[in-house]
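The values are calculated or read from the model by the stated rules, or taken from the named source; none is laboratory data. Values in this document were obtained by computation on a predicted structure and should not be read as measured data. As a convention, Cβ positions derive from the backbone with ideal geometry for all residues, glycine included, and neighbour counts pool all protein chains shown.
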């Protein structure tokens, strides 16, 4: 009887423990559900994607992102993004959104790098104008033009920076920057310009010569210069401002015809002759009187007048 009673107590304890365990599990599950962050699949890039390239399946994958942090318009299916062309660079792990892609149907190429309101214009360069092949796509350059001030006199020239902070869209056929920065000895460079700048650049190339001046990274400042002429360069080479020919001729002539300096002449002054009379002061009482005695021509005592 006692054994049966102990068995029932054991079974009752097991049932109570099971119910307590189940209740704790349900409570923990409810707490977990309350703290769980809702997510949704988002298409992301699996590698760095430069601008102007077409997306393929190997470059994309999906990952669950918290709904609160999902970018607006982000793709949730890889099939919806395959074949689209990047408008700007996309880095590894970034979400694929329509704002980073070109319009549907656009093809890969240089036209994706042209900003609204600008044009792509190719300019011919040489090894010097192209900075020894060190220009890379997306570099920033200033355009230096050298023109003759007088069409009839090609010796008088002027150089001026007339375009600044221009974006290099491509160097030759390369539209992407080389990761190792290897020189690219192309003969043409494509710049992003406005329509007005395109007109000015065409005149500069036809009437003179241009040279590209490479800017440092993160240097957007604009510098105003007055330009340099042939006379300015000659003045720097001579160490002084250039002198007009008429002034130079006048200075040389002055030194040639200048009279010699006068030679000083010693003048000997004649000694004055001794006086012919002698004046003597004679005191009589408190009143002095002066008497003059003529000096005789021959020896003897002088006589009073």
Would you pick out the residues in segment 34-60 that are outside any loop (DSSP other than H, G, I, E, B) and touching a helix residue (DSSP H, G or I) at 6+ places or on another chain (Cβ under 7 Å)? 39, 40, 43, 45, 49, 57, 60
Residue identified as out of contact with any strand residue (DSSP E or B) (no Cβ under 7 Å at 6 or more places or on another chain), surrounded by fewer than 11 Cβ atoms within 10 Å (Cβ to Cβ), closer than 27 Å to residue 173 by Cα and without any contact (Cβ under 8 Å) to a residue 12 or more places away in the chain among 105, 29, 23: 105
Would a scan of segment 27-45 turn up a residue that is at pLDDT below 90 and at positive phi? no
For residues that are more than 24 Å from the chain's Cα centre (by Cα) and part of a loop (DSSP other than H, G, I, E, B), scanning just segment 187-210, find the one that is surrounded by the fewest Cβ atoms within 10 Å (Cβ to Cβ). 187
Residues of segment 214-230 being surrounded by 14 or more Cβ atoms within 10 Å (Cβ to Cβ) and either out of contact with any strand residue (DSSP E or B) (no Cβ under 7 Å at 6 or more places or on another chain) or over 16 Å from residue 156 (Cα atoms) (or both), in sequence order, are 214, 215
In segment 62-81, anything in contact with a strand residue (DSSP E or B) (Cβ under 7 Å, 6 or more places away or on another chain) and within 14 Å of residue 104 (Cβ to Cβ) is listed as 75, 81
Is it the case, given these coordinates, that residue 106 is under 23 Å from residue 138 (Cα atoms), at pLDDT 90 or above and in contact with a helix residue (DSSP H, G or I) (Cβ under 8 Å, 6 or more places away or on another chain)? no
Single condition residue 130 does not satisfy, out of (1) surrounded by 15 or more Cβ atoms within 10 Å (Cβ to Cβ); (2) within 21 Å of residue 85 (Cβ to Cβ); (3) at pLDDT below 85; (4) assigned by TED's automatic domain parsing to the domain that holds residue 211: (2)
Just to be sure, is residue 111 within 29 Å of residue 166 (Cβ to Cβ), free of Cβ contacts under 8 Å to residues at least 60 places away in the same chain and part of a helix (DSSP H, G or I)? yes
